[in-house]
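Take a look at the structure below.
The values are calculated or read from the model by the stated rules, or taken from the named source; none is laboratory data. Predicted model only: the values in this text are computed from it and were never measured. Because the Cβ atoms are built from the backbone with ideal geometry, glycine has one as well, and the counts that use them run over all protein chains shown.
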Amino acid sequence: MAEVPHRKLAKCHVLFLGDSTPEETKSGLKALQQPLMKCYPVDNPTQVEGIDSWITIFTSGILLQYVGNSSKQPPPIWFPIQNLYVAAATKCINYLDGHTGRRIDTEFVDINHSSAEHSSHPPLFSIIVRKSYGTRVLRCYTFLVRDERPAVAMVDAAKHAFTNESGWSDGHPPQEVSKTTVLVLMTLAHSHITGGLLRLDEGTKKNCRRL
């Protein structure tokens with residue numbers, strides 16, 4: 001069944017933690033490790049800082065909007081769905097020395113991994129997207145989510161949008177969004193997208209608006 005371009009799939013309230021460049025030679029969760037270590041305070045999760053934001057996932061792309069009407073707020077960012085390289089929901093796992101209690105290693109694991117059940121850290125939603133300009137081809141954006149279910153819901157929505165090409169557009173945002181100033185990450189040819197989405201289990205879509 002053909003999809004409708006610019007149809008909304010999910011909208012979630014998030015805290016934007018930041019963005020950084022992943023390693024080009026890695027994929028999936030391995031590609032996320034370094035960017036997440038930069039954006040997320042693994043030793044002091046209560047001290048996390050970010051920008052209050054909304055993420056809306058359309059069949060044609062992902063929209064990042066910052067909360068507030070201040071003229072100093074950055075403009076919304078539009079990510080065409082065909083530029084998506086990775087979408088994942090993860091949790092932070094710290095490995096401690098049994099004698100000193102000090103952290104000796106950190107790993108961000110799939111939210112459905114058995115070790116994630118025992119993590120006291122909040123869920124994170126991350127996307128890696130490709131850009132067709134500038135020297136940094138890949139860019140990772142990370143968001144703190146209220147609980148696990150909306151994080152999973154956003155991954156499911158992103159996967160649905162990416163795998164249904166009939167819902168794609170020419171790279172431009174929906175008309176109601178394009179009336180304002182929007183930063184658009186330029187569209188790449190489909191053949192350039194070599195990464196995949198992490199497949200997560202379906203869950204109750206609590207705290208995430210399904211549209």
Yes/no for Asp19 being farther than 16 Å from Lys159 by Cβ and assigned to a loop (DSSP other than H, G, I, E, B): no
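Look at segment 1-42 and say how many of its residues are among the acidic types (Asp, Glu) and free of Cβ contacts under 8 Å to residues at least 24 places away in the same chain.
Residues of segment 1-42 among the acidic types (Asp, Glu): 3, 19, 23-24.
Still in the list and also free of Cβ contacts under 8 Å to residues at least 24 places away in the same chain: 23.
Total meeting the criteria: 1.
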When restricted to Ser120, Ser114, Ser126, the only residue within 25 Å of Asn44 (Cα to Cα), surrounded by fewer than 16 Cβ atoms within 10 Å (Cβ to Cβ) and touching a helix residue (DSSP H, G or I) at 6+ places or on another chain (Cβ under 9 Å) is Ser120
Go through (1) modelled with pLDDT under 75; (2) charged (D, E, K, R); (3) in a loop (DSSP other than H, G, I, E, B) one by one and return the number of the condition Asp170 breaks. (1)
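If you go through segment 129-145, how many residues are surrounded by fewer than 17 Cβ atoms within 10 Å (Cβ to Cβ) and either modelled with pLDDT of 90 or more or within 16 Å of Leu32 (Cα to Cα) (or both)?
The number of residues fulfilling the criteria is 2.
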Looking at (1) surrounded by fewer than 20 Cβ atoms within 10 Å (Cβ to Cβ); (2) not in a loop (DSSP other than H, G, I, E, B), find the lone condition where Ala161 falls short. (1)
Breaking point among (1) touching a helix residue (DSSP H, G or I) at 6+ places or on another chain (Cβ under 8 Å); (2) at negative phi, for Pro75: (1)
Of all residues in segment 1-25, which are modelled with pLDDT of 85 or more, in contact with a Leu (Cβ under 9 Å, 6 or more places away or on another chain) and charged (D, E, K, R)? Arg7, Lys8, Lys11
So in segment 146-158, with the set limited to residues that are surrounded by 21 or more Cβ atoms within 10 Å (Cβ to Cβ) and either under 20 Å from Val42 (Cβ atoms) or modelled with pLDDT under 90 (or both), which one is nearest to the chain's Cα centre (by Cα)? Ala151
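Conditions (1) within 19 Å of Ser20 (Cα to Cα); (2) free of Cβ contacts under 8 Å to residues at least 12 places away in the same chain, marked per residue:
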site	(1), (2)
Ser53	yes, no
Gly61	no, no
Tyr66	yes, no
Gln73	no, yes
Cys92	yes, no
Gly98	no, yes
Ser114	no, yes
Pick from Lys8, Lys91, Lys38: which is among the basic types (Lys, Arg), out of contact with any Lys or Arg (no Cβ under 8 Å at 6 or more places or on another chain) and closer than 30 Å to Gln175 by Cβ? Lys8
